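Shown next, in structure tokens, is the structure this report addresses.
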Amino acid sequence: MHGGSGSTDAEIGEAVKNGVIKMNIDTDTQWAYWDGLRQFEAANRDYLQGQIGNPDGDEKPNKKFYDPRVWIRKAEESMIARVSLAMEKLGSKGTYAKSTEPGYQQCVPAAAESGGIMSSIKKLVGN
């Protein structure tokens with residue numbers, strides 16, 4: 001299905017029922033990423049005007065707010081929520097087992113655990 005943006009839940013459900021197995025959600029995930037960042041900035045605007053000085057005091061530091069690891073994480077959390085919603089609507093929620101191998105994809109198709117993808121990845125990295 002080319003693009004799920006603007007599709008209703010009923011339309012997505014009907015498409016899945018009729019055999020659609022892929023839906024592009026790039027526009028939605030881009031917006032979700034931006035929206036997470038936008039919401040963080042709006043909620044913390046007074047703490048993002050300088051390195052020091054905020055509503056808590058003129059000498060209070062703001063590093064915890066402008067540290068990119070903080071606001072990027074908020075953007076990522078928003079995108080993760082959007083992907084999770086798409087997985088639920090498309091019926092793929094719960095069909096992937098979590099990998100227990102560090103350094104590998106954290107979600108792999110359950111069928112791939114016995115070989116396939118994981119076997120190929122192991123060969124590529126020399127394990």
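Would you mind computing the Rg to Rh ratio of segment 28-99 from its alpha-carbon coordinates, Kirkwood style for Rh? Please report the intermediate quantities before stating the final value.
Working: Rg = 16.5 Å, Rh = 13.9 Å.
Expressed as Rg/Rh, it is 1.18.
Over segment 46-86, how many percent of alpha carbon pairs lie in each 5 Å bin up to the one with the longest distance?
Calculated over all Cα pairs of segment 46-86, the distribution is 5, 24, 19, 14, 12, 10, 8, 5, 2 percent.
Counting only protein chains, not ligands or nucleic acids, how are Ser78, Ser5 ordered by accessible area (probe 1.4 Å), most first?
Working: Ser78 30, Ser5 60 Å².
Largest to smallest exposure gives the sequence Ser5, Ser78.
Dividing the convex hull volume of the Cα atoms of segment 1-55 by its residue count, what figure in Å³ per residue is obtained? Provide the component values of the computation, followed by the final result.
Details: hull volume 4.9 nm³, N = 55.
Hull volume normalised by residue count: 90 Å³.
May I ask you to derive the FRET efficiency for Leu85 and Ile52 from their Cβ-Cβ distance with R0 = 41 Å, giving the value to the nearest 0.05? Write out the running numbers ahead of the final one.
Working: r = 39 Å, r/R0 = 0.95.
Taking R0 as 41 Å, the efficiency between Leu85 and Ile52 is 0.55.
How large is the accessible surface of Glu41 in square angstrom, using a 1.4 angstrom probe and rounding to the nearest 10?
Counting only protein heavy atoms, Glu41 exposes about 60 Å² to solvent.
Roughly speaking, what is the centre-to-centre gap between segment 64-96 and segment 10-62 when only Cα atoms are used, to the nearest Å?
Going from one Cα centre to the other spans 9 Å.
The values are calculated or read from the model by the stated rules, or taken from the named source; none is laboratory data. Predicted model, so just to flag it, every value in this text is computed and none were measured. Positions of Cβ are generated from backbone atoms using ideal geometry, with glycine treated the same way; all protein chains shown enter the neighbour counts. Ligands, DNA and RNA are excluded from the accessible area calculation, which covers all protein heavy atoms including side chains. Shrake-Rupley method; radii C 1.70, N 1.55, O 1.52, S 1.80 Å.
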